[in-house]
Amino acid sequence: MFKREMKINFKSFLIWTLILIILFLVVFLMYPSIMNSENIQMMNEMLKVFPEEMLKAFNMDISNIDTAFGWLKTEGFVFVLLITGIYSGILGSSILLKEENDKTIEYLNSLPVTRKNIVISKILSSVINIILMIFILGLFNFIGLSIIEEFDKKLFVLLSITPLFSSLVIFALCLLISTFTHKTRKTLGISLAIVFVSYFLQIISEMSETTEFLKYISIFTLADIRNVIKNITINPLMILLTITLFMLFTIITIIHYNKKELI
C-alpha cells in the first residue's frame, strides 16, 4: 500500500520540486552578475521609499538583499513557504478523495487492509514527500550558495527546516477537511484558500502592532522565519505546536474516515 502511494504521487512531487529548483537556479545564475556596486546602491535607495511596515513584512528591515542569501532570507523563503504550503494543501485535500473520484476505493476495500491502514499509508507517503521536497530544495540551495558566495551555514540550515512546520500542519488540516466531503474540487478550493489566507494574515500581522494578533490564526506563524533570522534558533514552542496540531488532525482524520460513508 505504501509503495503504491509513493509511486502514484511521484509525478506531482517531481513537478513541484522542479518548479522550486528552477526558480532558485535562475536566482543563483543571475544574482552575482546583477548585484554590482551601482545596482546595490540603486536598490538601497529604492528600499528607502518603501514604508517600514512593508519592509518588516518581508524581513527586509533585518536583512539586506544585496546577496543571494540575503534575498533568500526575505523574498526567497516566502516563495518556499507559499509553494510548499500549496503542494501540501493539494496533497492533503486529494490523497483520500481521489480513491472515491477514481472509483478505486472499492478495490482498496477488497484488500485485506483496514481503513486505518489505508489512511496511515497515505499520510506516511505524503509526509515523506513533503520532507523530501524540503530536503532536496535545501540541499540544492546549499550547493548553489556555496558556489557563488559565503553565507551563514547554521542560519541557512535552520531556515531550510522552517517550511516543514507549516507544510505538515497544512497537509494534516486539509486531509481532515477532505473526510467531510466526496468532491475533490470542493476541498481543493478550501485548501488553497487556507494557504493564501494564512499567508495574507501572516504578512499583515508583521506590519504593525495593531494587526500582530493575526499571526495567532495563521499557520505560517509556525515557520517563524523572522525569529530564526534574528536569533539563529528555532523556537521549541513552534516544534511542539506543529507536532501537537499534526497529531490532533491526524487522529481526528482516522476516526472520522472510519465512520465515513464511501461512494
**Report entry** Counted residues, the stretch 103-139 - those being within 27 Å of the chain's Cα centre (by Cα) and either of a type in the set (Lys, Arg) or at pLDDT below 65 (or both)
**Finding:** 2
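For residue 158, are the conditions met, namely being at negative phi and surrounded by fewer than 21 Cβ atoms within 10 Å (Cβ to Cβ)? If you could, list the steps in order and put the result at the bottom.
On the way: at negative phi: yes; surrounded by fewer than 21 Cβ atoms within 10 Å (Cβ to Cβ): yes.
Yes, satisfied.
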Report task. Restrict the check to the stretch 249-259 and report whether at least one residue is farther than 29 Å from residue 122 by Cα and either within 18 Å of the chain's Cα centre (by Cα) or among the β-branched types (Val, Ile, Thr) (or both). Result -> no
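Within the stretch 217-254, which residues are of a type in the set (Ser, Thr, Tyr) and either crowded, with 16+ Cβ neighbours inside 10 Å or touching a strand residue (DSSP E or B) at 6+ places or on another chain (Cβ under 8 Å) (or both)?
Quick first cut of the stretch 217-254, residues of a type in the set (Ser, Thr, Tyr) only: 218, 221, 233, 242, 244, 250, 253.
If the condition is that a residue be of a type in the set (Ser, Thr, Tyr) and either crowded, with 16+ Cβ neighbours inside 10 Å or touching a strand residue (DSSP E or B) at 6+ places or on another chain (Cβ under 8 Å) (or both), then 218, 221, 242, 250, 253 are the ones that fit.
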Query raised in the report: Got a sec? Which of 221, 210, 233 is of a type in the set (Ser, Thr, Tyr), part of a helix (DSSP H, G or I) and within 21 Å of the chain's Cα centre (by Cα)?
Result: 221
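The values are calculated or read from the model by the stated rules, or taken from the named source; none is laboratory data. Given the structure is predicted, the values throughout are model-derived calculations rather than measurements. Here Cβ is always computed from backbone atoms with ideal geometry, including for glycine, and neighbour counts include all displayed protein chains.
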